[in-house]
Amino acid sequence: MASSERDALSRPEQPVNPYTAAGVDTAAGDLAVELMKSAVRRTHGPEVLGGVGGFAGLFDAAALKAYDRPLLATSTDGVGTKVAIAQAIDKHDTIGQDLVGMVVDDIVVVGAKPLFMTDYIACGRVFPERIADIVRGIAAGCAETGTALVGGETAEHPGLLGVNDYDVAGAATGIVEADRVLGAERVRDGDVVLALASSGLHSNGYSLVRHIVTGAGIQYGANAADFGTTWGEALLEPTRLYTQPLLKLIADHGDRVHALSHVTGGGIAANLARVLPQGTWVEVDRATWSPPAVFRVLADLGDLDLPSTEGTWNLGIGFLAVVAADKAEAAASALSRGGIATWQVGVVRDGARPDGDWEQGAKGVDGGAVRLVGAYADHTAR
């Protein structure tokens, strides 16, 4: 018997960690935290106390003393089935920005400045680099929106989720002065509705996207001639972040910015209707813009016309701003100079509205009425 064999036989067996045997690797989780720590710390200002790894994040609220009547705004959301495409092509560095867009950009709708965010990642198995990529994306989005990433959780769920499966969610808190809250009560007859361009699909309607792509027999790793990249990379285009440009717009134009709407699930009409007062209505003119190629290509593949997708996709509009008519041109110019194409799509009206089908009562809010009218501009027009 060789000495190495004797040594092996004489050594006692190493105890097996029962949690590891059950499929949970706590060491991998610790490594993931180490890999993401520097990105998370870059979102921390002097208001964040305690660093990374505590049971709870601490945020110094002393700044609230400067407000006469501070209101806290909060939002929570996820990214939806867009994560399935990230998993399919093993690219995870943009999903975090999508999460920030879904969560933090909801807070600015009421005019609030974001303060801090936390995230939650559930996965079948912790792959440290993958988790770190996701959190680095969240941290980058937080840095861009001026939000501190003060905590998070990664949970391994073996047996519930597949080895390569994961889902992400987050929550954020912001602050706004009570007498500066934006919303339907500020909107008046004659206000102008401005559209802010999206970067693409953002994070809504991906169940339809995946249904279309699967039905067409397309692999996400396949080349997409229309986009000059693979299908998966094109469909993972990250969500545009609007918080800082909109906060600057509010700061520059004060009470002339009346309401904001984040175009997410439900599409343009439903989300605009939520921030209009009862008795008002807006006809959104399709002719003022041309939906980008990604929407047209997907609609063609699915044998759909664009109007039939209006309750699912943003069709090129990521945000809507309702502003006083005398500031509409200045607001649109300022946002466009800042890199977000912005244009007028409609005007708020009150009183009797034209006959026809209208979107009203979306998400439980009995607000105004909205419909899209006309035909979309030719795809070469915008």
Mind ranking Tyr376, Tyr166, Tyr67 by accessible surface for me, highest first, 1.4 Å probe?
-> Tyr67, Tyr376, Tyr166
In deg cm²/dmol and to the nearest 500, what is the mean residue ellipticity at 222 nm of the chain if only DSSP H runs of at least 4 residues count, each as -39500 (n - 2.57), divided by the residue total?
-> -9000 deg cm²/dmol
Hey, what does the equivalent ellipsoid look like for the chain, semi-axes from the Cα gyration tensor as sqrt of 5 times each eigenvalue, largest first, whole Å?
-> 43, 27, 16
Distant-in-sequence amide H partners of Phe319 (H built 1.01 Å from N, under 5 Å) = Leu196, Val263
Estimated dipole of region 43-198 in Debye, rounded to 20 [Cβ of Lys and Arg +1, of Asp and Glu -1, Cα centre] | 120
Which residue, chosen from Ala143, Leu99, Tyr120, occupies the Cα position most advanced towards the positive end of the dipole of region 92-191, where the dipole is computed from +1 (Lys, Arg) and -1 (Asp, Glu) charges on Cβ about the Cα centre?
-> Ala143
By the C-alpha gyration tensor axes a ≥ b ≥ c (rounded if a/c is under 1.5, else prolate when a/b exceeds b/c, else oblate), the shape of region 230-295 is oblate
Have a look at the DSSP beta bridges in the chain and tell me what percent are antiparallel, nearest 5.
-> 75
Cα-based Rg (one decimal) and Dmax (whole number) for region 308-367, in Å?
-> 14.4, 39
For Glu283, what accessible area in Å² do you get when you roll a 1.4 Å probe over the heavy atoms of the protein chains, rounding to the nearest 10?
-> 60
Quick one: length gained pulling Ala122 to Ser336 fully straight, 0.36 nm per residue minus the C-alpha distance?
-> 73.2 nm
Two-decimal Rg/Rh of region 271-382 from alpha-carbon positions, Kirkwood Rh?
-> 0.97
Would you please state which residues of region 353-367 a label at Gln278 would reach in this model, taking the label point 7 Å out along Cα→Cβ and a backbone N cut-off of under 20 Å?
-> 353-354, 358-367
Extension gain (nm, one decimal) between His211 and Arg69, 0.36 nm per residue minus Cα-Cα | 46.3 nm
Largest first, what is the accessible-area ranking of Leu58, Leu315 with a 1.4 Å probe?
-> Leu58, Leu315
Hull shadow area, averaged, region 58-181 [alpha-carbon convex hull, nm²] = 7.7
For Leu58 and Ala222, calculate 0.36 nm times their separation in residues minus their Cα-Cα distance, and state this gained length in nm to one decimal.
-> 54.5 nm
Exposure rank, largest accessible area first [Thr214, Thr288; 1.4 Å] = Thr214, Thr288
Rounded accessible area per residue of the chain, 1.4 Å, Å² | 46
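The values are calculated or read from the model by the stated rules, or taken from the named source; none is laboratory data. Everything quoted here is computed from the prediction, not taken from an experiment. FYI the Cβ positions are ideal-geometry reconstructions off the backbone, even for glycines, and counts take in every protein chain you see. Just the protein is used for accessible areas: all its heavy atoms, side chains included, with ligands, DNA and RNA removed. Shrake-Rupley method; radii C 1.70, N 1.55, O 1.52, S 1.80 Å.
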